[in-house]
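The values are calculated or read from the model by the stated rules, or taken from the named source; none is laboratory data. Treat the numbers as computed from the prediction; the structure is a model and nothing was measured. Here the Cβ is made from the backbone with ideal geometry for all residues, glycine too, and neighbour counts use every protein chain on show. Heads up: the accessible areas ignore ligands, DNA and RNA and are worked out on the full protein's heavy atoms, side chains in. Shrake-Rupley method; radii C 1.70, N 1.55, O 1.52, S 1.80 Å.
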Amino acid sequence: MLASFTFANLFDPRGRTNRKGLLVMAIALFFAQALIGMAMVAGDISIHALVVKPVKIAILWIATVAILKRLHDVGASGWAFVGAIAGWFVWTVMVALTCFTAFGMAAAEVGTTAFFIYLGLVSTPLLVATLWLHFTPGDAGPNRFGPAPDATGFSMPTA
């Protein structure tokens, strides 16, 4: 029985999730995105269609909640996520300015070497953060965000 996991947990950023819970969420979101993509192709629905936006927002929120709960499991506040996003934004602007200065508009042309350098540099912090979230062990036992996750990979605060 999924003692500490409910559908509402997908939308509630409180609590914790361990590496197993994060992996389950990542796989579930991947398949959800794939199914939505197939439905859009089958129904000839544009990514810009009004019906798609709420679904994409829900998926973005669920992914954000999974990240926040994983940060809670390692003892970090959700504000660390905000700081990471701000840092990545600054990094992206710096990389963009550097690449456009060095390569000109070639940095924006898909398929050019300059574009792939830009894409690689911008994506590297995201890859590092993703690997850190998936491989860093969580706090053993309870912490300020709730009890240790159970066999489902999730826990919610007791109060």
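Could you work out which residue, out of PHE11, PHE145, PHE30, moves most in a Gaussian network model of the chain, that is, has the largest mean-square fluctuation with Cα springs under 10 Å?
PHE30
Measuring from centroid to centroid over Cα atoms, what is the spacing of segment 36-58 and segment 116-151 in Å?
29
What does the charge add up to near ASP150, with Lys and Arg as +1, Asp and Glu as -1, over the other residues with Cβ less than 15 Å from its Cβ? Mind showing how you got there, number by number?
Values: positive: ARG16, ARG19, LYS20, LYS69; negative: ASP73, ASP139.
Spelling it out: positives minus negatives among the neighbours equals +2.
Students often forget the sequence filter, so: which lysines lie under 19 Å Cα-Cα from LYS20 once same-chain residues fewer than 8 apart are removed?
Reachable lysines: LYS69.
Out of the total accessible area of the chain (probe 1.4 Å, heavy atoms of protein only), what percent is carbon and sulfur?
Within the chain, the accessible surface is 78 percent carbon and sulfur.
Heavy atoms only, probe 1.4 angstrom, no DNA, RNA or ligands counted: give me ARG14, ARG70, ARG19 ranked by accessible area, highest first.
Greatest to least solvent exposure: ARG14, ARG19, ARG70.
Counting heavy atoms of the protein chains only and a 1.4 Å probe, report the per residue accessible area for the chain as a whole number of Å². Don't skip to the answer; put the middle values down first.
Values: 9870 Å² over 159 residues.
That works out to 62 Å² per residue.
Specify the residue with the greatest mean-square fluctuation among LEU23, LEU71, LEU60, computed from a Gaussian network of the chain linking alpha-carbon atoms under 10 Å apart.
Highest fluctuation of the listed residues: LEU60.
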